[in-house]
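Participant: Quick one: structure below, then a few questions.
Derivation of every value follows stated rules applied to the coordinates shown; laboratory data play no part. What you see is a predicted model; the values in this text were computed from it and never measured. Cβ placement follows ideal geometry from the backbone for every residue including glycine, while neighbour counts extend to all protein chains displayed.
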Amino acid sequence: MPDKPDAAVRLETLAVHAGQEPDALTGAVAPPIYQTATFRQDGVGRPRGGYEYARTQNPTRERFERAVAALEGGGKGIAFASGSAATAAIAELAGPRDEIVVGDDVYGGTFRYIERVRKAGAEIETRYVDLAAGTDALWEALGERTRLVWLETPTNPLLKVVDLPAVASTVRERFGSGKRPLVVVDNTFATPVLQRPLDLGADVVFHSGTKYLAGHSDTVIGIAVTRDAALAERLRFLQNAAGAVPGPFDCFLALRGLRTLALRVERHCANAHAVATYLAGRDDIEWLSYPGLDEGRHAHPQAAIGMRQMGGRGGGMVSFVPAPRGSRTARARAEAICEAVRIFTLAESLGGVESLIELPAEMTHASVAGSPLEVPAALLRLSVGIEAADDLIADLGDALDAS
């Protein structure tokens, strides 16, 4: 970093410099990758610089952890081998017979882990609440056994927007000065460029760094950040004990991606807004969700909250359901669109420089089928990349017309 402390520079500057200090030994502007499994010690019980074994500590991983923590506004970063590994570690904060209150629209892998792994192994109870509808339902759902309030905003894949300060305030008001649940926010869709949940009252924020943070669809990584020292220590213990840590090269790739994060998110948002506006103007779109649309028949119900909370931008994700046409059902059209696009790629994941399209019911959210979180069969989710917006719109238009 420059001589100024992290808090004294803007996020665009942090993205380029945080965790990216030139190498102390050689002055190399691109920090070296410490591709090592272990470290020579100066004597028995005297590890050099505290480094003993790469599962526990690695200089390249530490740079990534410091960088994301700085972008999220401070605290400690704890990196994991994937976003799902971060999910598993955070879920361990709920003990036997505790309760987790979860938003009613979350990534399918989050639902799968909580319901089929953590819940079964620790007799944990879950309650799913529409947190985008206001805080009354949250107030009713909270109880003495509630340990975690877990949410996404924008949500995956319906792109609901949750008022983070209102959720945090409700939790604090409900429990007063007593022990209260931890507010956990998956910030993968928004990134710290658009919102910093810790500043808005969250206790833990985490990312699938595979997505926007790394940004190039070439690595799998996860990270959690908290300003609570005791929580950070617990998550660090779980990171080391479970061993689901990212390799040095994955951390290097994610660090490299962070340097262009602010620029990429700006373009993602501009392109997504253009795509959403185009879709909103078509008469063969049955339902459309984009937090940046605030007028028309597809205006987002939480647009005002979303724009205020995300710095006036709607993010890079768009979800929609095509209307039935002729003998084709909405589902048949959705599948045809997925297979007709040329620039959008039919693939899972999101947040890379390239545009992706997917059918969540068959792909990322197949695990919620038959549950209260089941997603519409014809729902399409777009991760809008950084290509020319006109080309993306033409690609979707051709696919819609042909479906």
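Participant: How many lysine pairs are close in region 6-258, with Cα atoms under 24 Å apart and the two 8 or more places apart or on different chains?
Facilitator: Here the count comes out as 4.
Participant: Please give the charge dipole size of region 68-142, origin at the Cα centre, charges +1 on K and R Cβ atoms and -1 on D and E Cβ atoms. Round to the nearest 20 debye.
Facilitator: 400
Participant: For the chain, find the longest principal axis of its Cα atoms and tell me its angle to the long axis of helix 229-242, 0 to 90°, nearest 10.
Facilitator: Long axis of 229-242 versus the principal axis of the chain: about 90 degrees.
Participant: Can you give the FRET efficiency to the nearest 0.05 for Arg342 and Arg308, using r as the Cβ-Cβ distance and R₀ = 60 Å?
Facilitator: Here the calculated transfer efficiency is 0.95.
Participant: Ala120 versus Trp287, label points 7 Å from Cα toward the beta carbon: distance in nm?
Facilitator: 3.0
Participant: Okay, moving on. Which angle between 0 and 90 degrees, to the nearest 10, do you get for helix 261-280 versus the longest principal axis of the chain when only C-alpha atoms count?
Facilitator: That works out to roughly 10 degrees.
Participant: Dipole magnitude of the chain about its Cα centre, charges +1 at Lys/Arg Cβ and -1 at Asp/Glu Cβ only, in debye to the nearest 20?
Facilitator: Dipole magnitude for the chain comes out near 1080 debye.
Participant: Also, quick follow-up: Which angle from 0 to 90°, rounded to the nearest 10, does the C-alpha axis of helix 164-175 make with the longest principal axis of the chain?
Facilitator: 70
Participant: When the chain is fully extended, how far beyond the present Cα-Cα distance does Ser169 get from Ala366, taking 0.36 nm per residue of separation?
Facilitator: Taking Ser169 through Ala366 to full extension adds about 67.6 nm, to one decimal.
Participant: Could you work out the percent of alpha carbon pairs in the chain separated by over 32 Å, rounded to a whole number?
Facilitator: That fraction is 35 percent.
Participant: With point charges of +1 on the Cβ of Lys and Arg and -1 on the Cβ of Asp and Glu, referenced to the Cα centre of the chain, which listed residue (Thr364, His298, Val384) lies farthest in the positive direction of the dipole?
Facilitator: It is Thr364, whose Cα lies furthest towards the positive end.
Participant: Here's something else I'd like to know. Out of every Cα pair in region 263-402, what percent are spaced more than 20 Å from each other?
Facilitator: Value for region 263-402: 45 percent of Cα pairs lie more than 20 Å apart.
Participant: With the dipole of the chain worked out from charges on the C-beta (+1 for Lys and Arg, -1 for Asp and Glu) around the Cα centre, which of Ala214, Leu231, Gly352 lies farthest toward the positive end?
Facilitator: Leu231
Participant: Using label points projected 7 Å from each Cα along Cα→Cβ, tell me how many nm separate Val353 and Ala133, to one decimal.
Facilitator: Using points 7 Å along Cα→Cβ, the separation is 4.3 nm.
Participant: What distance in nm separates the simple spin-label points at Ala30 and Arg145, each placed 7 Å from Cα in the Cβ direction?
Facilitator: Going by the 7 Å Cα→Cβ label model, 5.4 nm.
Participant: For Val102, enumerate residues with amide H under 5 Å from its amide H, sequence gap 5+ or separate chain, H modeled in the peptide plane.
Facilitator: Long-range HN contacts for Val102: Arg127, Tyr128, Val129, Trp150.
Participant: What is the distance in Å between the Cα centroid of region 245-291 and that of region 349-403?
Facilitator: Measuring centre to centre over Cα atoms gives 12 Å.
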